[in-house]
Amino acid sequence: MIGTATRETEGATERTRYRPRGAYWLITKTANGRVEVLTLDCGTGGTLPVFSHAEEAEIFLHLGQADDEWRVTEIRNGGLIYVLCGPYACVKEVALDPLPEMVAQRTVGLVTLARDRFMDHLANARWRSRSSGPDQARPS
């Protein structure tokens with residue numbers, strides 16, 4: 001879920017939307033009692049579209065004219081690592097915030113990372129968030 005932050009600037013209140021740390025969004029559906037995750041066939045062995053904001057995933061669904069079974073689902077770093085190591089270990093790439101026309105024009109490669117490189121990023125982000133907890137001393 002997207003949160004809202006309020007910030008005071010020069011006497012005005014500014015409300016902005018932010019992405020919770022470690023949150024991503026996937027496009028999923030439930031079929032035969034199992035959750036399926038949307039993957040793209042880009043000729044590379046499968047590409048998992050991952051979105052940094054729920055709105056980006058919703059735009060992808062709307063513009064891609066997906067059927068009503070698909071929905072936007074929030075997932076955290078650990079869950080995304082599980083998806084990429086478990087049921088979708090065959091995925092070779094991750095596409096970050098792709099647009100449907102990129103799939104049609106075969107330009108998704110412009111926004112993709114190798115699966116292993118993306119998983120390294122997720123693992124490092126989890127490590128950084130654990131090591132910079134509130135009781136850790138901050139450098140001055």
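FYI, it's all coordinate maths here, none of it is from the lab. Being a predicted model, the structure only gives us computed values, none of them experimental. Virtual Cβ from ideal backbone geometry, glycine too; neighbours counted across all protein chains shown.
In this structure, does Leu63 turn out to be more than 19 Å from Ala125 (Cβ to Cβ), loosely packed, with under 12 Cβ neighbours inside 10 Å and within 17 Å of the chain's Cα centre (by Cα)? When the stated conditions are applied, Leu63 does not pass them. Within the stretch 40-97, can you find the residues that are under 17 Å from Ala114 (Cβ atoms) and of a type in the set (Gly, Ala, Ser)? Answer for the stretch 40-97, where residues must be under 17 Å from Ala114 (Cβ atoms) and of a type in the set (Gly, Ala, Ser): Gly43, Gly45, Gly46, Ala89, Ala95. Going through the stretch 46-86 one residue at a time, which ones are in contact (Cβ under 8 Å) with a residue 40 or more places away in the chain, closer than 15 Å to Glu36 by Cα and of a type outside the set (Asp, Glu)? Selection gives Gly46, Thr47, Leu48, Pro49, Val50, Trp70, Arg71, Val72, Thr73, Ile75, Leu80, Val83. Of the residues contained in the stretch 81-88, none is found to be closer than 21 Å to Leu110 by Cβ and either among the acidic types (Asp, Glu) or assigned to a loop (DSSP other than H, G, I, E, B) (or both). Of all the numbered requirements in (1) under 12 Å from Thr28 (Cβ atoms); (2) of a type outside the set (D, E, K, R); (3) touching a residue at least 12 places away in the same chain (Cβ under 8 Å), Pro100 misses one, and that requirement is (1).
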